[in-house]
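What follows is a set of notes on a single structure, which appears directly below.
The values are calculated or read from the model by the stated rules, or taken from the named source; none is laboratory data. Values in this document were obtained by computation on a predicted structure and should not be read as measured data. Heads up, the Cβs are rebuilt from the backbone with ideal geometry, glycines too, and the neighbour counts pull from every protein chain shown. Protein only, heavy atoms only, side chains kept; ligands, DNA and RNA dropped before computing areas. Shrake-Rupley method; radii C 1.70, N 1.55, O 1.52, S 1.80 Å.
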Amino acid sequence: MDSLTEAQQELYDWLVEYIRENQYPPSIRQMMEAMGLKSPAPVQSRLEHLRSKGYIQWTEGKARTIQLTQNAMRGVPIKGVIAAGSLVDVFPDAEVEYLDLAGLSLKPNYFALQVRGDSMIDAMIDDGDIVILKPVPDSKTLKNGTIVAARVENQTTLKYFHCKGSKVTLEPANKAYQPIEVPASQVEIQGALVHVWRDYSA
């Protein structure tokens with residue numbers, strides 16, 4: 001699907017969350033209020049763009065008939081693998097598949113990574129599990145002890161986050177592994193853990 005502008009993405013993300021929580025679409029007035037707009041015209045324009053780009057559809061002449069398209073409802077994007085051990089190459093930007101987690105309350109910008117390794121085994125995260133993460137716009141808001149996907153020198157790992165002064169410690173949940181200690185300036189937090197998914201059918 002075509003990419004969205006910032007304004008279109010804002011409305012789309014809000015629509016996805018609203019429909020997931022309420023199981024029915026919002027009114028134009030609700031969308032106006034959520035977007036901080038005083039006129040329906042900008043909302044209608046954004047909706048038209050979302051429809052033309054394949055994100056939503058609706059029944060002409062009927063209120064509250066907005067539906068997310070099948071492509072939009074594919075689930076959480078699995079963006080690659082993350083090490084639960086040593087560092088591995090950072091996950092790519094391109095999504096390779098989607099994980100259907102319709103039963104969970106997830107925001108549109110959440111993403112998933114498949115765990116490789118056992119350094120988080122004592123946190124009940126094992127090799128092959130899927131971790132669901134939320135983006136972290138500002139690592140300063142993170143609480144120590146949060147499980148994160150951390151990027152260090154173009155490699156990424158799943159660990160407990162601890163920050164003290166100018167140093168960050170990425171701590172495993174397995175005594176067989178050593179903590180990773182690096183300057184805070186060298187660490188990029190890409191996501192904080194929200195859920196862990198395990199396929200017991202395998």
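Each peptide in 29-42, 181-194, 109-122, 157-170 gets a packing score, the mean of other Cβ atoms within 10 Å over its residues, and the list from highest to lowest is 109-122, 157-170, 181-194, 29-42. Globularity index of region 138-202 is 1.18 (Cα radius of gyration / 2.2 N^0.38 Å, N = number of residues).
Pairs from the list LYS38/LYS107; LYS143/LYS175; LYS53/LYS134; LYS38/LYS134; LYS107/LYS143 with a Cα-Cα gap above 28 Å: LYS38/LYS134.
Atom-type composition of the exposed protein surface of region 1-47 places 46 percent of the accessible area on carbon and sulfur (1.4 angstrom probe).
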